[in-house]
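A quick write-up on the structure given underneath.
The values are calculated or read from the model by the stated rules, or taken from the named source; none is laboratory data. All values reported here derive from a predicted model rather than from experimental measurement. Cβ coordinates were reconstructed from backbone atoms using ideal geometry, including for glycine residues, and neighbour counts include every protein chain displayed.
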Amino acid sequence: MYFRNLALAITLASTLVISACNSEQSAEKADGFIKRSEAYEKQGQYRATLIEIRNAMQAEPENLEHIQRYAEVLIKIGSVLEAEALLSEVANKNHALNLLLADALLKQGKFVSASKVLNEIGNQADTQLQLDYLNAMVDYLSGEQDAAFKDLRALVKKPNAPKAAMYEFINVLIQNQQFAEAQQWVDFSLAKNSNDAQALYYKAKLAYEDNQLENAESYLTEALIQLPETDVLLQERIQVLELLSTTLTALGRSTEAFVYQKIIREANPEAFAAKQQYKDALAAASQGDLAAAKNAFEDILTQFPNNQQAALLLGLIHLEEGDIATGESLLSENLDAETAPVSIIRATALAQSEQGKSKEALDVLERALLVRPDDSTLLALYGIISINSGEARQGLAAVSKALQLEPSRTRLHLLLAQYYVEQDQYDLALGHLRQSFAKAPDDWSTTGYYLATLLESKQQGEAVRVRDSLYNQFPKDQASLWLVAMTDYKMGNLNEAIARLKELVKIAPTNENALNALGGMHQQAEQYDLAAYYWLKALQVNPGNPNYLQALVQNASRQKSYGELAKWLSDQANQNKDIALPLHSVLVELYVNGKNMDQANAVANLYKNTDHPYAKEMQANILRGQALASAEQQDWPSALKHIDDALKIIPSSTQLTLLATQFEFSAGDGEAALNRINALLDINSRNYSAVAVKSQLIEKLEGKVKAFEYIDSVWQEQPNGALLNAYLYFLQSELPTEVEKELQRLISVEPNNDKAHVLIANNYLEKGQHVEAIASYEQALANNPQSVTALNNLAWLLKEDKVERALGYANKAAQLAPNSPNVLDTLAWILHLKGDKKQALETINKAIKIDPNNTELQQHKAQILGA
């Protein structure tokens, strides 16, 4: 045991001796590298200087003096970013390193970061003057210029003040056009050292500002003589050469000026080429050539991976192209929120928020606001993202501050109003909207929201005053007339709304919104010819809008039989050649649905050589008709061939795909049918027509339980009105007690879904809860004034107590559904209650003629006759 411990002691001792020897050797070796680096620096060989210091750092990695010296040289040659990166890792270990890091940060304008570093430095006599200088520069960059100038004046008078303090003081005086005082300090410096190249440069700059160009040239030439020759073109020489070139150009000696430009260019040809490439990329981007700009920035980053400006601009291009993920990544990785332009900070925060990185976006904005605490754009964005992230308190504070700084930004009032409406705090919302309207009534988005909020909160009197104010102030403005018309419409003033829209159309005959609204309003007023007139006008403005075409045809079909509708479409196509193609496309579909294939082919052949989407629809419709004819003969192979040919023309057609699915199932190939519909859902999993058909297929193949499991899984993700009928079919079978709950869930997502309100009202009606049923039917009508079920059932519920209202609902239902026995029965019974026996009998007889076997109708007729 004794010998083992002795052996261990000997081993440890020898290790310590070896380590000490190695440490001494490393220190000696490092000292040699440092001495050589100092010799190289005196000779102006900075590349060799850096190599020798790196060697010293490798030999003695823990020696902070080597790191400090390396950083000092980096800053001297202009590699400030590299110096910052190096110092950031070690600055907290050493007082001098902290000062150096703060200096590197200030040279980049990062005064917030520099201030944080300086605040961690304690007072030390040997570095107090340097600390005072750096703190003064923090004050200057943060906008406290008076304090900065005061401190710098006091500092530069001291015997041992840093030279950099004097130079920077002169520089900021010139920047602030305080030329007289700058001249005093330049002369003060030159009195101490007439060969001070930096002071000579500033003397030249002052002469240039005073248009003393010959003197400026003389001082710059002397400065060049005094500056040492170096293998790296230092910033001191670059600024002298640049000002000399500018001065010579102003003197008309451009050939001489070019010589100095060439010196700068040849000193770092790669950087010059990159700078030129950068300018070319910016030019391409400004001209809208994003592809060329993108390629140029990518080339720059390949050569210079650390070029943050190129990376940021490339990120913006990716955002412009819609590639949010790549754009956000480039911006987030390269953004410095202290120094970047507000536009790039804003783009970065928005991209981060879009990617679900709200915390990162807020961090960026908080950093930027430390530098620009009164930037209303950043404050507003910070507020918006905070509110959307659930941090309402800080968000509201930020937006409110932005409004105080820039009261004219009425959209901020809109933002706050929208938030308060969501919180059901209408008084606060309206307070902001009133302020906005007082400042800028022609901020149409905000004023429109103001009117909508007034109507929603049942403040019609104020809404009328705002409407009248708009009409009086802006009687010829399109946006004003639109808001006035929509306000009248929402208040039930249909004729006034139509009148205002007609004024608007006189001013702007191609205003699609106005034309479309006029079509809808005239239809609501049962003026079907006028409705058709305006929808034809809207279609002429935008023939590619299928909504106008659909509205036009639905309007015409309300009053016309199949044959009349076909003739009307043909006549309109002949009278309006500019929209004949879309009208003929509907006519072909009508003929195909009516199995009049000869007429359909005759129209479609007019466009057989046309590659327009409407012409393609005609060709596909002809094939659909042929497929349906084959299906009637149960010739499934032929039917499928025609449908597949149609799908080659319109591959994205859900209607054709679902028809093909039906044919495949009818042909006995359920698996192929399911595969086809799954392929459609792979493209869009929220294609609710496909979901409904798939559930029907599963029912036939695997049973109702499996079908319900499938459709319920889609519904539970988020209820959707487009799936309502299909879902209720299974729900009423499998879980009938859940029907009302699921309807309420749908309304929570789609509060304006009139079908859901009608179904809920029907449930109340079945339970005998008439008050609740009436409220739900009225809600359905508020969302869809043409809901026949709501009109008819509401009329029936109100027939005893409010017969006049009931008659109005019943008449409207009968106009919308003139061939419905139930609707006619309701109208007849209300007429009977009103005492209009003759009209009641005519109406009930019409109902019986449509449904002669309906015993309830016969009973009602007997009661009317017996009255």
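So, of the residues in region 192-237 that are among the β-branched types (Val, Ile, Thr) and without any contact (Cβ under 8 Å) to a residue 60 or more places away in the chain, which turns out to be surrounded by the most Cβ atoms within 10 Å (Cβ to Cβ)?
Of region 192-237, the ones among the β-branched types (Val, Ile, Thr) are 221, 225, 230, 232.
Then keep just the ones that are without any contact (Cβ under 8 Å) to a residue 60 or more places away in the chain; that gives 221, 225.
On the way: THR221: 13, ILE225: 10.
Looking at residues that are among the β-branched types (Val, Ile, Thr) and without any contact (Cβ under 8 Å) to a residue 60 or more places away in the chain, I get THR221.
When you go through (1) within 30 Å of ASN763 (Cβ to Cβ); (2) loosely packed, with under 13 Cβ neighbours inside 10 Å one by one for LEU723, which number turns out not to apply?
Going through the list (1) within 30 Å of ASN763 (Cβ to Cβ); (2) loosely packed, with under 13 Cβ neighbours inside 10 Å, LEU723 breaks only (2).
Filter region 623-667 down to residues that are crowded, with 21+ Cβ neighbours inside 10 Å, farther than 20 Å from SER585 by Cα and among the small types (Gly, Ala, Ser), then give me how many there are.
Residues flagged as crowded, with 21+ Cβ neighbours inside 10 Å, farther than 20 Å from SER585 by Cα and among the small types (Gly, Ala, Ser) within region 623-667 amount to 2.
Criterion first (modelled with pLDDT of 90 or more, within 30 Å of LYS490 (Cα to Cα) and of a type in the set (A, V, I, L, M)) does LEU816 satisfy it?
no
As an exercise: evaluate VAL603 against (1) within 43 Å of the chain's Cα centre (by Cα); (2) of a type in the set (Val, Ile, Thr); (3) surrounded by 17 or more Cβ atoms within 10 Å (Cβ to Cβ) and give the number of the one condition it does not meet.
(1)
Of the residues ASP825, ASP801, only one is in a loop (DSSP other than H, G, I, E, B) and within 29 Å of GLN859 (Cα to Cα); which?
Every option except ASP801 fails the conditions.
All but one of (1) farther than 29 Å from LEU797 by Cα; (2) in contact (Cβ under 8 Å) with a residue 24 or more places away in the chain; (3) surrounded by fewer than 17 Cβ atoms within 10 Å (Cβ to Cβ) hold for ALA673; which doesn't?
Of (1) farther than 29 Å from LEU797 by Cα; (2) in contact (Cβ under 8 Å) with a residue 24 or more places away in the chain; (3) surrounded by fewer than 17 Cβ atoms within 10 Å (Cβ to Cβ), only one is false for ALA673: (3).
Please work out if GLN779 is more than 18 Å from ALA722 (Cβ to Cβ) and part of a loop (DSSP other than H, G, I, E, B).
Criteria not met by GLN779.
Using the structure shown, decide if ALA810 is in a helix (DSSP H, G or I), among the aliphatic types (A, V, I, L, M) and modelled with pLDDT under 85.
When the stated conditions are applied, ALA810 does not pass them.
Give LEU816, LEU824 a once-over and let me know the one that is under 48 Å from the mean Cα position of the chain (by Cα), touching a residue at least 12 places away in the same chain (Cβ under 8 Å) and closer than 28 Å to LEU724 by Cα.
Just one listed residue meets the conditions, LEU816.
When you look at LEU680, is it within 23 Å of ASP712 (Cα to Cα), in contact with a Leu (Cβ under 9 Å, 6 or more places away or on another chain) and in a helix (DSSP H, G or I), yes or no?
yes
Are there any pairs, at least 6 apart or on different chains, whose C-beta atoms fall under 9 Å, with the first in region 285-300 and at pLDDT below 75 and the second aromatic (Phe, Trp, Tyr), and if so, which?
ALA285/PHE297; ALA296/TYR278; PHE297/TYR278; ILE300/TYR278
Does any residue of region 422-435 turn out to be in contact with a Gly (Cβ under 9 Å, 6 or more places away or on another chain), modelled with pLDDT under 90 and either aliphatic (A, V, I, L, M) or closer than 30 Å to GLU366 by Cβ (or both)?
So the first thing to find is which residues in region 422-435 are in contact with a Gly (Cβ under 9 Å, 6 or more places away or on another chain), and the list is none.
Looking through region 422-435, none of the residues is in contact with a Gly (Cβ under 9 Å, 6 or more places away or on another chain), modelled with pLDDT under 90 and either aliphatic (A, V, I, L, M) or closer than 30 Å to GLU366 by Cβ (or both).
Kindly provide the set of residues from region 743-758 that are crowded, with 19+ Cβ neighbours inside 10 Å and either under 13 Å from LEU794 (Cα atoms) or of a type in the set (Ser, Thr, Tyr) (or both), ordered by number.
Within region 743-758, HIS757, VAL758 qualify.
Could you tell me whether any residue of region 475-484 is touching a Phe, Trp or Tyr at 6+ places or on another chain (Cβ under 6 Å) and surrounded by fewer than 21 Cβ atoms within 10 Å (Cβ to Cβ)?
Among the residues of region 475-484, at least one is touching a Phe, Trp or Tyr at 6+ places or on another chain (Cβ under 6 Å) and surrounded by fewer than 21 Cβ atoms within 10 Å (Cβ to Cβ), which makes the answer yes.
Is one or more of the residues making up region 293-304 assigned to a helix (DSSP H, G or I) and either acidic (Asp, Glu) or in contact with a strand residue (DSSP E or B) (Cβ under 6 Å, 6 or more places away or on another chain) (or both)?
Taking region 293-304 first, the residues assigned to a helix (DSSP H, G or I) are 293-303.
Then drop every residue that is not either acidic (Asp, Glu) or in contact with a strand residue (DSSP E or B) (Cβ under 6 Å, 6 or more places away or on another chain) (or both), which leaves 298-299.
Checked region 293-304: at least one residue is assigned to a helix (DSSP H, G or I) and either acidic (Asp, Glu) or in contact with a strand residue (DSSP E or B) (Cβ under 6 Å, 6 or more places away or on another chain) (or both).
Looking at region 683-704, can you tell me whether even one residue there is in contact with a Leu (Cβ under 8 Å, 6 or more places away or on another chain) and not in a helix (DSSP H, G or I)?
yes
Considering only residues of region 132-162 that are over 50 Å from the mean Cα position of the chain (by Cα), touching a residue at least 24 places away in the same chain (Cβ under 8 Å) and part of a helix (DSSP H, G or I), which is surrounded by the fewest Cβ atoms within 10 Å (Cβ to Cβ)?
Among those residues, the one meeting the criterion is LEU155.
All but one of (1) farther than 23 Å from ASP644 by Cα; (2) in contact (Cβ under 8 Å) with a residue 24 or more places away in the chain hold for GLN716; state the number of the condition that does not hold.
Here GLN716 clears every test but (2).
Could you check how many residues of region 442-453 are in contact with a Phe, Trp or Tyr (Cβ under 9 Å, 6 or more places away or on another chain) and part of a helix (DSSP H, G or I)?
6
Looking at ASN171, ASN135, ASN215, can you tell me which residue is farther than 30 Å from GLY252 by Cα and of a type outside the set (A, V, I, L, M, F, W, C)?
On the way: ASN171 fails: farther than 30 Å from GLY252 by Cα; ASN215 fails: farther than 30 Å from GLY252 by Cα.
Answer to the check: ASN135.
Output the residues belonging to region 58-82 that are more than 23 Å from GLY32 (Cα to Cα) and among the small types (Gly, Ala, Ser).
If the condition is that a residue be more than 23 Å from GLY32 (Cα to Cα) and among the small types (Gly, Ala, Ser), then GLY78, SER79 are the ones that fit.
Using the structure shown, decide if TYR382 is in a helix (DSSP H, G or I), within 19 Å of the chain's Cα centre (by Cα) and modelled with pLDDT under 90.
Details: in a helix (DSSP H, G or I): yes; within 19 Å of the chain's Cα centre (by Cα): yes; modelled with pLDDT under 90: yes.
It is true that TYR382 is in a helix (DSSP H, G or I), within 19 Å of the chain's Cα centre (by Cα) and modelled with pLDDT under 90.
If the requirement is being polar (S, T, N, Q), under 30 Å from LEU369 (Cβ atoms) and in contact with a Phe, Trp or Tyr (Cβ under 6 Å, 6 or more places away or on another chain), which of these qualifies: SER142, SER113? Don't jump to the end; show me each part of the working.
Working: SER113 fails: in contact with a Phe, Trp or Tyr (Cβ under 6 Å, 6 or more places away or on another chain).
Testing whether each residue is polar (S, T, N, Q), under 30 Å from LEU369 (Cβ atoms) and in contact with a Phe, Trp or Tyr (Cβ under 6 Å, 6 or more places away or on another chain) leaves just SER142.
With the condition kept exactly as written, say whether any residue in region 370-393 is touching a residue at least 60 places away in the same chain (Cβ under 8 Å), surrounded by fewer than 21 Cβ atoms within 10 Å (Cβ to Cβ) and either more than 22 Å from TYR449 (Cβ to Cβ) or among the hydroxyl-bearing types (Ser, Thr, Tyr) (or both).
So far as region 370-393 goes, yes, one or more of its residues are touching a residue at least 60 places away in the same chain (Cβ under 8 Å), surrounded by fewer than 21 Cβ atoms within 10 Å (Cβ to Cβ) and either more than 22 Å from TYR449 (Cβ to Cβ) or among the hydroxyl-bearing types (Ser, Thr, Tyr) (or both).
Going through region 552-572 one residue at a time, which ones are out of contact with any Leu (no Cβ under 9 Å at 6 or more places or on another chain), small (Gly, Ala, Ser) and part of a helix (DSSP H, G or I)?
The answer is GLY563, and nothing else.
Filter region 224-255 for residues that are modelled with pLDDT of 85 or more and of a type in the set (Asp, Glu); which is nearest to ARG47 (Cα to Cα)?
Here the residue is GLU229.
Select from region 181-236 the residues that are touching a Ser or Thr at 6+ places or on another chain (Cβ under 8 Å) and outside any helix (DSSP H, G or I) and list them in ascending order.
Matches in region 181-236: ASP196 only.
Could you tell me which of the residues ASN601, ASN605, ASN609 is without any contact (Cβ under 8 Å) to a residue 40 or more places away in the chain and assigned to a loop (DSSP other than H, G, I, E, B)? Quick ask: steps written out before the conclusion?
Working: ASN601 fails: assigned to a loop (DSSP other than H, G, I, E, B); ASN605 fails: assigned to a loop (DSSP other than H, G, I, E, B).
Result: ASN609 is the single residue among ASN601, ASN605, ASN609 that is without any contact (Cβ under 8 Å) to a residue 40 or more places away in the chain and assigned to a loop (DSSP other than H, G, I, E, B).
From the set of residues in region 34-60 that are of a type in the set (D, E, K, R) and free of Cβ contacts under 8 Å to residues at least 12 places away in the same chain, which is farthest from LEU233 (Cα to Cα)?
So in region 34-60, the residues of a type in the set (D, E, K, R) come out as 35-36, 38, 41-42, 47, 52, 54, 60.
Narrowing further to those that are free of Cβ contacts under 8 Å to residues at least 12 places away in the same chain: 35, 38, 42.
On the way: LYS35: 23, GLU38: 18, LYS42: 15 Å.
Step by step, filter region 34-60, then rank; the result is LYS35.
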